[in-house]
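Trainee: Before I ask anything, let me first share the structure, which is written out below as structure tokens.
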Amino acid sequence: MANAALDKDTRREKVIEVLNKARAMELYAISQYMNQHYGLDSMDYGELAKNMKLIAIDEMRHAEQFAERIKELGGEPTTDFADKVIKAQDVRTIFPFDSKLEDDTIDAYNQFLQVCRDMGDNVSVKLFEAIIDEEQVHFNHFDNVGSHIANLGDVYLSKIAGTPASTGGAAKGFVLGTGEAG
């Protein structure tokens, strides 16, 4: 192992660093997706808004999981966002934007997972593996909706217009609510 020469505290700090980067990415995604949820709801695309909110709830759970692991390792979870929220996006730009965001997240998390593996932290490796699986479900959803909008356009959007945006009582999120990757 190339990092065997690093002491345990140094290895722990490197893991905390990537966990905090991931947490910042999740905090950004939460705010971005909730902003999109409000916009889609205002545009009267309730079903799209509802699913966006549920995905944001998944991201909230991920942010909390990263924070809990950071605390277990003796670190302080970040409250910073990885990027600036883009507001007032059109329905036709939201889903390709989010597909790219999720694809970039999966790529980064695979790199972070490798850092954790190299630092000998299998608990954090398993956390990244589970979250990557859920991010893949999000990517697939955004990519599918984006493809439907690109291929079917107004026909697809008119079918969704006027659908309910409510997620009901205590929403479990998109992944836990559908039983995928869970």
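The values are calculated or read from the model by the stated rules, or taken from the named source; none is laboratory data. Not measured: the values here are computed from a predicted model. Here Cβ is always computed from backbone atoms with ideal geometry, including for glycine, and neighbour counts include all displayed protein chains. Heads up: the accessible areas ignore ligands, DNA and RNA and are worked out on the full protein's heavy atoms, side chains in. Shrake-Rupley method; radii C 1.70, N 1.55, O 1.52, S 1.80 Å.
Trainee: Can we say Ser42 is within 25 Å of Ala161 (Cβ to Cβ) and either among the hydroxyl-bearing types (Ser, Thr, Tyr) or out of contact with any helix residue (DSSP H, G or I) (no Cβ under 8 Å at 6 or more places or on another chain) (or both)?
Mentor: yes
Trainee: Pull up the stretch 31-47, narrow it to residues that are open to solvent by 40 Å² or more (accessible area, probe 1.4 Å) and assigned to a loop (DSSP other than H, G, I, E, B), then point me to the one that is nearest to Ala88 (Cα to Cα).
Mentor: Applying the filter and picking the extreme gives Met43.
Trainee: Scan the stretch 51-70 and give yes if some residue there is touching a Leu at 6+ places or on another chain (Cβ under 7 Å), under 21 Å from Phe128 (Cβ atoms), at pLDDT 95 or above and among the small types (Gly, Ala, Ser), otherwise no.
Mentor: Yes, the stretch 51-70 contains a residue that is touching a Leu at 6+ places or on another chain (Cβ under 7 Å), under 21 Å from Phe128 (Cβ atoms), at pLDDT 95 or above and among the small types (Gly, Ala, Ser).
Trainee: If you scan the stretch 112-126, which residues turn out to be touching a residue at least 12 places away in the same chain (Cβ under 8 Å) and either surrounded by 13 or more Cβ atoms within 10 Å (Cβ to Cβ) or under 30 Å from Gly146 (Cα atoms) (or both)?
Mentor: Phe112, Leu113, Val115, Cys116, Asp118, Met119, Gly120, Asp121, Ser124, Val125, listed by residue number.
Trainee: Filter the stretch 1-30 down to the residues that are of a type in the set (Asp, Glu) and either open to solvent by less than 50 Å² (accessible area, probe 1.4 Å) or under 21 Å from the mean Cα position of the chain (by Cα) (or both), then identify the one that is farthest from Leu113 (Cα to Cα).
Mentor: Result: Glu26.
Trainee: Pick from the stretch 64-111 the residues that are of a type in the set (S, T, N, Q) and in a helix (DSSP H, G or I): which of them is most open to solvent (accessible area, probe 1.4 Å)?
Mentor: Going through the qualifying residues, I end up with Gln111.
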